[in-house]
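Student: First the structure, then my questions, so here it is.
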Amino acid sequence: MSPSRPPRPRVPQPERPAGPRPVADTGAPRPDSETAARRPAPAPPVRSVPTPARPSPRAEPEARRGAARPRAAVPVSTDTAPTPFGRAVTTYTGGRGGPVRPPVVSTTSVARFAERAKARRTVARRKVVLTACAAAAVAAVAWLLFLSPVLVLEPGEVEVRGAGTVVAVDQVLAAVDQHAGTPLPRLDTVGLRDRVLEVPGVREARVTRAWPHGLTVVLVAREPVAAVPEPAQDGAGPGFALLDMDGVQVGRVDAAPEGLPVVDVPVGDKRALRAVLTVLQQLPADLLAQVASVSAHTQDRVTMMLRDGVEVDWGSAVETPLKIAVLGTLRASPATEGARVFDVSAPRLPITR
């Protein structure tokens, strides 16, 4: 709040003469003596007092800055109150009315040094206690997660999905049972997945924890798409090797399963086998179900025999979608009724016989 302006000097007023108050003339006739007696005495001359000059607006801020601002006196209370430490502490009242703790409690150097040492010991004890409590809490949580039987794996809580028709579920469960009793946080799911992939017929696997005691094993099975004849070996008679779309053997049987085409390719010719599997992989389900056998002398001479006795010269695996469309159109046309051979190796110039 800025200081107030300096007061103006008051101009003295002329003094009124002593005596009776003059009465205004109403115009009524009075005696001369009474009129003369009531006539007021002449007033003394008024002396003019010069008015001091008002300071200019520019000079007023300078005067305000120069004027010392009065400060309110700080009342001091000499009342003393007992403290929790057994000493009397004087309470001072600040300018705003709130209590202020005195800056110094002890008045001697020895007492101050003792208080500082005691404060350091108190802080050190608190740090030790807090550290010990934190270490105990961490140890308890670690024991609960990694050593206690609270979260152990139970074989009855294991679920296997996507086994298909080839994968033996009991072999997958046998690989998982080796880790029975292991706490789930310590279970090596990556190593367990590698063991599951070793089971015949498993193409992909994903192992996830099912808290608090189980596992979920999701499989992608290698479904067989072809049966390849095999000679007798290791004391076993001749049979058929079941291959998936990648050419991986997923099993061996004595007789070709119903619904799987029998593949006849030169022994060791991986290119011809790859061409046959590529064609079978792209065939629609209705046409694949009609295929009885597939033979390939080379990778460019794939021939299919349908179950109704029709022979299809497919050629290579190139332009398989176009060949599928051409074969479907030819077989549905009345003009090709009774044809036993369909050559779609050149799909833009097909031949029927």
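Student: Using Cα positions and a limit of under 19 Å, work out the lysines in reach of LYS118, with same-chain residues fewer than 8 apart set aside.
Tutor: Counting by Cα, and skipping residues close in sequence, LYS118 has these lysines nearby: LYS127.
Student: Related question: Around ALA226, which amide H atoms from residues at least 5 apart in sequence, or from another chain, sit under 5 Å from its own amide H, with H modelled in the peptide plane?
Tutor: LEU243
Student: Please work out the C-alpha center-to-center distance from region 287-336 to region 161-179 and express it in whole Å.
Tutor: Cα centres, region 287-336 to region 161-179: 38 Å.
Student: For the charge dipole of region 219-353, defined by +1 on Lys and Arg C-beta atoms and -1 on Asp and Glu C-beta atoms about the Cα centroid, which residue among ALA255, ALA272, VAL326 has the Cα displaced farthest towards the positive pole?
Tutor: With unit charges placed on the Cβ atoms, the residue in question is VAL326.
Student: Given a Förster radius of 41 Å and the C-beta distance between ALA339 and GLU198 as r, what FRET efficiency does 1/(1 + (r/R0)^6) yield to the nearest 0.05? Show your work: numbers first, answer last.
Tutor: Numbers: r = 49 Å, r/R0 = 1.19.
Plugging the Cβ-Cβ distance into 1/(1 + (r/R0)^6) gives 0.25.
Student: Please give, to one decimal in nm, the separation of the simple spin-label points placed at GLN233 and VAL190, each 7 Å out from Cα toward the Cβ.
Tutor: Result for the modelled spin labels: 3.4 nm.
Student: Going through region 266-353, which GluC sites (Glu not before Pro) have at most 13 other Cβ atoms within 10 Å and a DSSP loop state?
Tutor: Passing sites in region 266-353 are GLU337.
Student: Here is a further query. What is the set of long-range amide H partners of THR352 at a cut-off below 5 Å, with H atoms built 1.01 Å from backbone N?
Tutor: Residues meeting the criterion, in which the H sits 1.01 Å from N, are ASP343.
Student: Report, in debye and to the nearest 20, how large the dipole of region 151-221 comes out about its Cα centre when Lys and Arg carry +1 and Asp and Glu carry -1 on their Cβ.
Tutor: Dipole of region 151-221, to the nearest 20 debye: 220 debye.
Student: Which residue, VAL129, VAL110, PHE146, has the largest displacement toward the positive end of the dipole of region 106-147 when charges sit on each Cβ (Lys, Arg +1; Asp, Glu -1)?
Tutor: Working it through, the farthest residue towards the positive pole turns out to be VAL110.
Student: Would you mind counting up the charge near ALA272? Only other residues with Cβ under 12 Å from its Cβ, with Lys and Arg at +1 and Asp and Glu at -1.
Tutor: +1
Student: Separate question: Please give the contour-minus-distance gain from ALA168 to ILE351: 0.36 nm per residue of separation, less the Cα-Cα distance, rounded to one decimal in nm.
Tutor: Result: 61.3 nm gained on full extension.
Student: Next question, about the same structure. Suppose a student asked you for the relative contact order of region 194-249, using Cα pairs under 8 Å spaced at least 6 residues apart; what percent would you report?
Tutor: So the answer I get is 24 percent.
Student: Taking the Cβ-Cβ separation of GLN290 and ALA180 as r and a Förster radius of 56 Å, what is the calculated FRET efficiency to the nearest 0.05?
Tutor: 0.70
Student: When we measure straight from the Cα of LYS323, which lysines land under 25 angstrom away, once same-chain ones fewer than 8 places off are left out?
Tutor: LYS323 reaches LYS270.
Student: At a Förster radius of 56 Å, what calculated FRET efficiency corresponds to the Cβ-Cβ distance of ASP308 and ALA134, to the nearest 0.05? Mind dumping the intermediate values first?
Tutor: Values: r = 79 Å, r/R0 = 1.42.
Taking R0 as 56 Å, the efficiency between ASP308 and ALA134 is 0.10.
Student: So how much slack lies between THR208 and TRP143, counting 0.36 nm per residue of separation and subtracting their Cα-Cα distance, in nm?
Tutor: 21.2 nm
Taken together, the values in this text are just the output of simple stated rules run on the coordinates, not laboratory data. Quantities reported herein were computed from a predicted structural model and do not represent experimental measurements. As a convention, Cβ positions derive from the backbone with ideal geometry for all residues, glycine included, and neighbour counts pool all protein chains shown.
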